[in-house]
Amino acid sequence: LLGRSSLELCYIFAATMQKIFVRTASGNYSVIYGRGALRRAGAMAERLADSAGPLVLSSPRVWKLWGGSLTARFPGWNPDSNWDRRILFDDRESSKRLATVEGICRQLARAGADRRTVLVALGGGVVGDVAGFVAATYLRGVRVVHVPTTLVAQVDSAIGGKTGVNLPEGKNLVGAFYQPCQVIVDPEVLRTLPARQFRAGLYEVIKYAVIGDAALFEFLERRLGNVLRRDPATLDYIVPRCIRAKAAVVRQDEREGGVRQILNFGHTFGHALESATRYRCFLHGEAVAWGMMGATLLAVAAGRLDFEDAVRILHLAARVGPLPPVDGVRGDRIVEIIRGDKKSREGHAQWVLPRKIGVVERGIEVPDAVVRKAFVELPRLFAAARGRS
Ligand code: GLY
């Protein structure tokens, strides 16, 4: 290896598959990360013991782009006659509901899926959350392999076993903790991800940096251009780093009784925004971006975070790009939804607030008036931060 430039070494390292273990009370599994991992999925599915063969759940768009690569080496898979071995559904956040789950379960029943069936979820966060919930409940549980194709799903939602759907009353109100038997992360699929979707995933990367990885935060500040260009070596640095961070948190606390709550940084405001706009205006990561900035303001207001760190968080989020506006959403409505959030206790949200970059505190209560004021201030501060970027 001597004599190679550091960039060349990055590429050599990236060419090798990485295996990251997720250990939980309800089961252990690995996340395979690497370029070309998608094409190896068939061999991996074949190794699953006592399997009735894979059945793919995906969206029409993702299936068209990546379904062929995924199934190329599936044992016995015939692209001309396997139409009932793949189920496609709409992957917008507004489709993440019980009616979609029922539709998929009925198709599984008609396709003769039995308890040995292995579901393969090929898609972003909505596909993974819905497919995971179907896997948790169809015949009281069948195996699922997650093959995430968006950044948000690769760094966050495909790992850790949270599955479920939204209700008009709130985000993810029906669901189950249900761990997959394997996760396959191929960064090549990010090539075809629309720019807005990619940026939405990047906010979850910023989340990991703020909650526990100051070095990653500095890296993002310095190399945001490379990240936004989806430079392969840069992605090969950040994606596995986030997966490892998530695996470490989930290992300590699978069911969110304690430390896993830190992964909800930005999600209290974020979920309320999604629900207030009926899941139609924001991609999940975009709502989390507003939520992280809102939580940052709350931390400053509570005297828990230095102004300088708050400016860095706002500025980094603003440099990622534009966000759908929040101006049309009333502060009172947001406060009302937050009171009813599943994580609130007796109507009081348990906030995750930054203490400094790389460290957060959880279980903090903040008066409604402060929450409302922070939410109302957000658009102006975001516009100012955008102006600086
Ligand atoms: N996305 C937050 C969690 O998995 O806990």
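The values are calculated or read from the model by the stated rules, or taken from the named source; none is laboratory data. Fair warning: this is a prediction, and the values are worked out from it, not measured in the lab. Because the Cβ atoms are built from the backbone with ideal geometry, glycine has one as well, and the counts that use them run over all protein chains shown. Just the protein is used for accessible areas: all its heavy atoms, side chains included, with ligands, DNA and RNA removed. Shrake-Rupley method; radii C 1.70, N 1.55, O 1.52, S 1.80 Å.
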Which condition breaks for Pro324 when tested against (1) modelled with pLDDT of 95 or more; (2) out of contact with any strand residue (DSSP E or B) (no Cβ under 8 Å at 6 or more places or on another chain); (3) within 27 Å of Gly27 (Cα to Cα); (4) surrounded by fewer than 21 Cβ atoms within 10 Å (Cβ to Cβ)? (3)
Which residue, of Ala248, Ala289, is over 30 Å from Arg333 (Cα atoms), within 16 Å of the ligand (Cβ to nearest atom) and small (Gly, Ala, Ser)? Ala248
Among the residues of region 135-170 satisfying the criterion of being hydrophobic (A, V, I, L, M, F, W, C) and surrounded by fewer than 24 Cβ atoms within 10 Å (Cβ to Cβ), which is farthest from Leu263 (Cα to Cα)? Leu139
Looking only at region 172-194, which residues are of a type in the set (A, V, I, L, M, F, W, C) and in contact (Cβ under 8 Å) with a residue 60 or more places away in the chain? Leu173, Val174, Phe177, Cys181, Val183, Ile184, Val185, Val189
Just one of (1) assigned to a helix (DSSP H, G or I); (2) of a type outside the set (S, T, N, Q); (3) surrounded by 16 or more Cβ atoms within 10 Å (Cβ to Cβ) trips up Ala383, so point out which. (3)
So is Arg241 over 25 Å from Asp341 (Cβ atoms), open to solvent by 10 Å² or more (accessible area, probe 1.4 Å) and away from the ligand (no atom under 15 Å from the Cβ) or not? yes
Would you say Val259 is closer than 26 Å to Ala37 by Cβ and either within 14 Å of the ligand (Cβ to nearest atom) or in contact (Cβ under 8 Å) with a residue 24 or more places away in the chain (or both)? no
Tally, over region 318-353, of residues that are closer than 16 Å to Glu377 by Cα and among the small types (Gly, Ala, Ser): 3
Of the residues in region 47-90, how many are open to solvent by less than 50 Å² (accessible area, probe 1.4 Å) and either in contact (Cβ under 8 Å) with a residue 24 or more places away in the chain or assigned to a strand (DSSP E or B) (or both)? 23
Mind listing whichever residues of region 354-371 are in contact (Cβ under 8 Å) with a residue 40 or more places away in the chain and either assigned to a loop (DSSP other than H, G, I, E, B) or of a type in the set (S, T, N, Q) (or both)? Ile357, Gly358, Val366
Only one of Ala295, Ala318, Ala287, Ala374 is in contact with a Gly (Cβ under 9 Å, 6 or more places away or on another chain), without any contact (Cβ under 8 Å) to a residue 24 or more places away in the chain and open to solvent by less than 60 Å² (accessible area, probe 1.4 Å), namely Ala287
